[in-house]
Structures are given as structure tokens and as C-alpha cells.
Amino acid sequence: MLVYIVKRLLMTLVVLLLVIIFLSLLVQIVPGDPARTLLGPRATPELIQKVRASMDLDKPVYVQVGKFLWRIAHLDLGVDVFTGVPISRLVGNALPHTLILAISSLALAVLVGIPLGVFSATHPDSWLDRLLALISISFTTIPSYVAACSYY
């Protein structure tokens with residue numbers, strides 16, 4: 001079991017590395033300059049060059065990826081471009097709320113889902129079983145942003 005977990009973790013790291021490389025290449029391939037887009041239409045060439053240098057966009061992709069991985073390894077997530085606040089602080093502020101939401105939704109799913117699943121398994125093809133299946137599929141297929149908007 002330990003070997004399986006280690007293999008999965010290594011595969012996860014490989015996938016993350018490939019995604020990082022792909023996104024870095026995508027920034028280079030997509031038309032337009034990220035610094036110009038970030039600064040808006042009134043940006044001066046000097047300001048654009050300054051932002052490109054601060055974001056390492058003037059360096060080759062392998063240097064960008066290497067620096068990014070080095071910063072991540074040292075838990076430096078960078079600074080928000082718009083507010084200047086460290087990303088780690090933003091994540092730290094949102095993390096408790098995210099954990100409360102995740103744990104409470106998991107608890108609700110277990111407390112409601114297991115009894116309803118047992119009922120459906122013990123009463124196959126009943127009208128209530130079919131209704132529960134319809135509701136379950138509906139909740140699974142509704143996008144989260146639609147479900148969240150319906151509460152407001």
C-alpha cells in the first residue's frame with residue numbers, strides 16, 4: 001500500500017510539473033503581451049518593460065519555470081499584482097473558511113448520502129429509489145457556480 005501511495009504522489013508531482021511547463025509555454029504562445037494586458041491601454045513602454053522584468057517575462061521559459069519552482073520549494077508564492085499583498089497571506093486568510101466549508105459539506109454528504117444510499121440499495125426500483133437517483137444525478141451535474149448563485 002505504501003508503494004502505491006508513493007507512486008501516486010510521484011505521478012502527481014510529474015503531472016504538476018507538466019502543467020506548470022504547459023502554462024508557461026502558453027503564456028509565450030498566446031498572442032499579446034501579459035504585461036501590456038495587465039497594465040492596460042495607457043501603459044508606457046518603460047512601464048511595460050519594468051513589469052516584464054519584474055515578472056521574469058523577458059527571460060526564457062526554462063528560466064521562468066526554474067525560478068517559479070525554486071520559489072514554490074521555498075514557500076514563496078509571490079505578490080498579488082494588483083494589491084501588492086503576499087499571496088501566502090491571501091491564501092492564509094481564505095484557508096480557514098475553505099476548510100470549514102469543505103469539512104461541513106463532506107459531513108453533510110456522509111450524514112445524508114449514506115442513509116439514502118442504503119435505503120436505495122435495500123429498495124431497488126422503487127419510486128423513492130428512482131426519485132433519489134434523479135436528485136443525486138441532478139446535484140452531481142449542476143455546476144457549482146449555478147448552485148451557489150441560487151442561494152442569493
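The values are calculated or read from the model by the stated rules, or taken from the named source; none is laboratory data. No experiment lies behind these values; they were computed from the predicted model shown. Glycine gets a Cβ as well: all are built from the backbone with ideal geometry, and neighbour counts include every protein chain shown. Calculation scope for accessible area: heavy atoms of the full protein, side chains included, ligands and nucleic acids excluded. Shrake-Rupley method; radii C 1.70, N 1.55, O 1.52, S 1.80 Å.
Things to note:
- Scanning region 61-78 for residues that are assigned to a helix (DSSP H, G or I) and of a type in the set (G, A, S) turns up G66, A73.
- Leading residue by the ranking (most open to solvent (accessible area, probe 1.4 Å)) among those in region 109-142 that are aromatic (F, W, Y) and more than 24 Å from the chain's Cα centre (by Cα): W127
- Qualifying residues in region 17-51 (those that are open to solvent by 70 Å² or more (accessible area, probe 1.4 Å) and in contact with a helix residue (DSSP H, G or I) (Cβ under 7 Å, 6 or more places away or on another chain)) - the one farthest from V65 (Cα to Cα): L47
- Hey, Y145 at pLDDT below 90, exposed (fewer than 11 other Cβ atoms within 10 Å of the Cβ) and not in a helix (DSSP H, G or I) or not: no
- Look at (1) open to solvent by less than 90 Å² (accessible area, probe 1.4 Å); (2) of a type outside the set (G, A, S); (3) more than 30 Å from V51 (Cβ to Cβ) and you find that D80 fails only one, number (3).
- Candidates V19, V63, V51, filtered to the one that is within 21 Å of the chain's Cα centre (by Cα), β-branched (V, I, T) and farther than 30 Å from L134 by Cβ: V19
- Region 56-72, subset open to solvent by 80 Å² or more (accessible area, probe 1.4 Å) and without any contact (Cβ under 8 Å) to a residue 24 or more places away in the chain, residue nearest to L18 (Cα to Cα): Y62
- Scanning region 1-46 for residues that are under 19 Å from V63 (Cα atoms) and not in a helix (DSSP H, G or I) yields V30, D33.
- The single condition among (1) touching a Lys or Arg at 6+ places or on another chain (Cβ under 7 Å); (2) more than 25 Å from S88 (Cα to Cα) that P45 does not meet is (1).
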